[in-house]
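> Can you keep this structure in mind? I'll have questions shortly.
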Amino acid sequence: MAASVGTTPGGTTPAGMTPAGTTPESEKDTEFQEREKILCPDFLSVAQITEMLAEDVDGVQQKLEKFLNFRNLQTCLKEASLLDYYVSGFLWARGMDFSIIQYSKFMTLLDMLLHNLRTLHMSLEDSIKWLREVMAEIGPSHSQKNEEWNIFDVKQANAVVDYLKISLFQHYKLYEFLFFSAREEIVIGTEGTRVQALVREDPSCRGATKPVCHNY
């Protein structure tokens, strides 16, 4: 995450003071550029988002399937679940009437949360803490002078957090299972936005058991 602007090795630059060699305008430009780096690179390009905005639900799913290069949706629980995660997120954002930049940052936020889980093995508690830190950067600012730089207003920021609670955090164990389980999963059907899968223990694992059907 970008370092906080206005800090020095010795502490925080006092309010109303501008470091030597800079102007208020250049300082504002620097801060704006630092805030622009939050949640970069973008998960989806402007062109991809624009394409999906012109599609219905099935079209959005097909576009994301192509963008994410998912080729085994009928047999892979991970791909089916991740596609549902991203499609549901995009459709929710469309209901919020987000701007293109808001779509971009929101979808990147969805992806980064899974990236942190998958690559950093981030716990639920740490993911929630990370989300708070990111939202403090891209959400409403306590400083009125930065109001024009906010990506989300107060209502939108709260809605984003509430959505992530029910879409990811309440099902965190499922996503941990998807990324770290040694089991073999075969998708045998879908119902609405729920994925029905036949989960079989990996034969190479000790204590292999008979197939079990799970609904997600």
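> Taking a 25 Å limit on the Cα-Cα distance, which of the listed pairs 66/155; 63/155; 129/155; 66/173; 129/173 fall beyond it?
66/155; 63/155; 66/173
> Short version: ³J(HN,Hα) in whole Hz for each residue of segment 160-167, in order, from phi by Karplus 6.51 cos²θ - 1.76 cosθ + 1.60 (θ = phi - 60°), x for Gly and Pro, what are they?
4, 4, 4, 5, 5, 4, 8, 8
> I want to check the label-to-label distance for residue 174 and residue 55. Put each point 7 Å from Cα in the C-beta direction and report it in nm to one decimal.
Each label point lies 7 Å from its Cα, and together they span 2.1 nm.
> Would you mind getting me the FRET efficiency between residue 159 and residue 116? Use the beta-carbon distance for r and R0 = 22 Å, nearest 0.05.
0.55
> Cβ under 12 Å from residue 123's Cβ, residue 123 left aside: what net charge do those residues give with Lys, Arg +1 and Asp, Glu -1?
-1
Just so you know, all these numbers are worked out from the coordinates, no wet-lab data involved. Keep in mind that this is a model prediction, so the values were computed, not measured. Cβ sites come from the backbone with ideal geometry, for glycine too, and all protein chains shown count toward neighbours.
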